[in-house]
Every structure is written in C-alpha cells, then in structure tokens.
Amino acid sequence: MNTITTGDATFQDFDFEETLRSALTAQKFHTPTPVQSQAIPSALEGRDILASAQTGSGKTAAFVLPMLQRLGQENIRPERGQPRALILAPTRELAGQINDVINIFSRNLRLSSAVIYGGVSKGGQIQALRRGVDIVVATPGRLLDLMGERYISLKRVTTIVLDEADRMLDMGFIPDVKRIIKELPEQRQSLFFSATLPAPVVELADRLLTNPVRVSVEKTRENTPDINQQIMFVTRDQKRDALRMILTEYGSYRALVFTRTKYGARNLAKYLGKNGISSDDLHGDKSQNARTRALTAFHRGKIQVLVATDIASRGIDVEDIDHVINFELPHESESYVHRIGRTARAGKAGVALSFCDESEVSHLTLIQKELSLAIPVTSDHRYHATAVAEAAVRAAQPRQRSGGPGRAGGNNRAGGRGRQNNAYHAGGEARGGEARGGSRNGARGPGGNGGPGGYGSSGTGPYRGGRDSGASGGAPGRDPRGRRAARPNRA
C-alpha cells in the first residue's frame, strides 16, 4: 500500500480538461484541501485509494472531479439501467449533496447522474435508470431493492466510491455493501473514504481495494477546525430553559441541536417554536420531502434552529452554522466528533456546546478519555448545576484499588486466610483486592493452624493495596497440634 502524506498543489496543477478547469474557476476553487491535493493525482491515474479524513475536509470533490474527468474522456453514451460509476453513501442527505456537487461540475460535460434512496417513491428513480445515466449515487438499501427488481445492473461499473464507510458500519449497512460489491466487475477503480478506520471497515477496504494508495490527512494547526468546545452542567429538567437562554442571549443565528431520539427531536422543536424560536426537526421518521424542506429552510436562513438526530450528523453540509449544541450527549466519542464537525467549516470559527445532566456524566467521562481531551466548563450562567459538576469531577478521577482478601491458611484452614507457608503450614501473606476473607483494608489476617507435628509461623509477605503495606501477615498458630488460632481484632 502506497502512502501519500503531503501535497502543495493548486487545481491548475492537476491534469484536468479545460471544461473542468472552467467549472473550478467559476466555483472559485483555487487551492485544494489536503485530501484533494493528495487523492486527486492518484485517482486521475486510475489507482485505488484508501483515504481517511474528517468530515468537512473537501473529500467529495476529491473523488467527484477525477470521476468526471475519466468518464468524460471515454465519451460513451449511457445505457439503460447500466451506470458506469457508482457512489454509495449512508444517508439520503449525503447522497443528495454528493449529487449536487456532480451537477455543478458536470454541466458542460454531457454526463448524467441519478440519486437513489429510500423514503420516496421509486417511480422517478426507475424512470431515470431507464433513460440511462452515467453515475448513480445511492444508499445501499434502495439500491439493493432496484437490483433485485432488475431495474439496475452493475456489470458496466468502472468506478466505485464508498463514502463515509464508518458511518455505514454504525448504521448496519456493511452486509448490504458486501452484497453490492459481489455484483461489481473485477476490473474497476475503487475509492474508499472514511473519517475513521475501525477494524470492520479496514476488513471491508481489503476486500474492495487492490494495492491502494493510502491518503491520510493528519490534523495540523492549519487544517484543524476552529471549534470552541464547551460543557455546561445542568439538571435534566432545566435543559430546555438553558437551551432557550443560549439561542436568545448568546448570539446564535444558525444552530444545529442534537438529540438522541426522534421523539425528543420532535418535542424539542415544538417547544422552541412555542417560545418564538423558529425551528424544525430532522430525523428518520420524516418523509424525504419533509426532510428536504427542513434542510432547505435551514440552509436559506428561514429557520434559526434545526433539531436533528444522529442520522443527520454526517448528512448536513450547511455553511455558517455558528453553534452545534448537544442537547443530549452521545454515547461514544465518534458521534461526538461527527456532530461538532458541522460547525467551523471552510476556515470559519464555531462553537460546540454540550449539555451534561446527572445521567450523562459517564458519557462525558468516556468521550473525554477516548479523545484525550478536557473540555472546558462554562459555569457562569443561571442554570449551572454544581452537584452534576462535582459528580463529573469524581468520575474523572482514577479509581483507588482497595485492599482485600488474604488467602486460605494451612491445610487445617484455621484462623485467618493467609496463604499457606510451605515450611510450617502456617498463615501466609494477606493480599489486597476483593475480600474473600481478611479485611478489605488489608488489615492483618489470622494465622493458619500449625500442621501436625509442625509449628505455626507468621506470614511475611506484604499487603497488596492495603493501608498497612509491608506489615506482617497472619498471626502464628497456637500449638503444634493444629488447634484453631485466635481470631484477630477487626480493624
């Protein structure tokens, strides 16, 4: 696997046809982002690519532009139901946005595309396939439906792109993706993009790619988004009032608010509307038309707030989102990263504010631990919950291991539970840990019995984790006949 880690190119340095150059100039594309400068040259050569880059890094153009160049040079008319390029995306929103980018740059290339996803009627999608399109952008489920109904065949696909592969994993689409890959021709170019690379995603990449060029965009001061992350500790019943305070008093003009459930998103949007804050909700239960209307209104500034579930965390590409607010913290760090990545795009600054109530302290602890990050706390507000903040401090402290049990003594099991001393069958050392005997503090355990004809002897091992580290172990047995030793005082 070849690896590319640097690139100082401009768009004029790439071997694009004049039509694409003109489109880039018209869209004011002058300097490529790191992922674009690293991926585009190899993609133009027809190489397979495995790229890891965060959302908002410009990766859509990194695979769309080389694809348009290669398809345009072939100058082949599309055939009914047989596209030459396929792009798989995890959500309807992301699929639509990818298709928008294709339409922008392909206007003068005589290339056609169709977007295929669930939640809407199949009719329009089937008609587009029957007319013949060069590029299909699809979510896995609807694509498999149309493949099963023989409206589309993948036997002529020469380029396959898998975008947001880790999100595919999160949403349970990997088995569907594997079924789709089986239908592709052996000879093809494969481009694989993912924000993170967990083990199942790497396994999928190995199956899809052949000797890929590895594109890795490391975070640097220049390409790290300027996101001001903050935590606000509040009680659960004051979250709504705290959110209203943020939206009305903190100068937020376009905010994306995340909840964990569809029910929560609906109710929160209604609450905001009743309090004079224009908002809408976005989640999987909404029809595609309703979701499109909500996104369009948010994009055009007709509503101030969009309340969304995680289904939209990678499907929203709206400029000038000044606040991302985690009304409810996610359960894992990856979702947190993808949520806050909706702000501070295109070199602009943004705020990522997360509420944390008494039930979410463990989520916050996990997120900060996995990201090696201490998120600053904002406490100068009227809803600050001191008790929650103190609980978060306690949860972040390393746990102290308590002292614990000594083990059973000599063969006669008398007295304490110190480990058998090989020479005298007497009490041995008392150990720390979970108590099966002995004191949890690691206090001295009783001695074992002396064995027949033997003599009791004190154990000599140190306590482990006890407060008397290094003290002697069990008390000696009382006599050589092995009568029970005296019980120790309970410390």
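The values are calculated or read from the model by the stated rules, or taken from the named source; none is laboratory data. None of these values were measured; they are calculated from a predicted model. FYI the Cβ positions are ideal-geometry reconstructions off the backbone, even for glycines, and counts take in every protein chain you see.
Numerical summary
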| quantity | calculated |
| --- | --- |
| Odd one out for Lys302, checked against (1) farther than 30 Å from Ser52 by Cβ; (2) surrounded by 14 or more Cβ atoms within 10 Å (Cβ to Cβ); (3) modelled with pLDDT under 95 | (2) |
| Residue in segment 312-326 that is touching an Asp or Glu at 6+ places or on another chain (Cβ under 6 Å), in contact (Cβ under 8 Å) with a residue 12 or more places away in the chain, not assigned by TED's automatic domain parsing to the domain that holds Ser57 and not aliphatic (A, V, I, L, M) present | yes |
| Candidate set: segment 119-165, residues that are among the polar types (S, T, N, Q) and out of contact with any strand residue (DSSP E or B) (no Cβ under 8 Å at 6 or more places or on another chain); chosen: the one surrounded by the most Cβ atoms within 10 Å (Cβ to Cβ) | Gln127 |
| Any hit, segment 402-411, residues being at pLDDT below 90, surrounded by fewer than 13 Cβ atoms within 10 Å (Cβ to Cβ) and over 27 Å from Asp237 (Cα atoms) | no |
| Neighbours by Cβ (under 6 Å, 6+ apart or cross-chain): first from segment 376-388, surrounded by 15 or more Cβ atoms within 10 Å (Cβ to Cβ); second assigned to a loop (DSSP other than H, G, I, E, B) | Tyr383/Val234; Ala385/Val234; Ala385/Thr235; Val388/Glu358 |
| Residue list for segment 268-299, filter: surrounded by fewer than 20 Cβ atoms within 10 Å (Cβ to Cβ) and not in a helix (DSSP H, G or I) | Asn275, Gly276, Ile277, Ser278, Gly284, Asp285, Lys286, Ser287 |
| Meets criteria (among the charged types (D, E, K, R), assigned to a loop (DSSP other than H, G, I, E, B) and modelled with pLDDT of 90 or more) for Arg77 | yes |
